[in-house]
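This report refers to the structure that appears directly beneath it.
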Amino acid sequence: MSLSVVSHTLAPRCRTQTKAGKPCRAAATSGGLCFFHANPNKAYELGRIGGRRNRRASAAEDVDPLPKLDK
Ligand SMILES: [Zn+2]
């Protein structure tokens with residue numbers, strides 16, 4: 001068993017696949033998945049942000065102000 005020094009140049013890669021069925025080669029986090037596969041909700045949020053920039057027409061429905069606190 002030779003666990004040679006794991007160089008940081010050989011960072012672990014995401015173990016799963018992209019939606020296109022191709023290996024996801026993004027750098028993996030400690031969980032073995034890349035940031036976006038480990039946090040699908042984050043990817044969704046970022047996607048929404050990107051979409052919001054490109055489609056101003058739908059910006060209104062994305063506005064979700066925090067509810068007022070009634071005291
Ligand atoms: Zn991934």
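Look through segment 31-46, keep the residues that are among the aromatic types (F, W, Y) and surrounded by 12 or more Cβ atoms within 10 Å (Cβ to Cβ), and return whichever of them is modelled with the lowest pLDDT. Once the filter is applied, the top-ranked residue is F36. In segment 48-71, of all residues being modelled with pLDDT of 70 or more and small (G, A, S), the one that is nearest to F36 (Cα to Cα) corresponds to G50.
The values are calculated or read from the model by the stated rules, or taken from the named source; none is laboratory data. Model, not experiment: these values are computed from the prediction. Note that each Cβ is placed from the backbone with ideal geometry, even for glycine, and that neighbours are counted across all protein chains shown.
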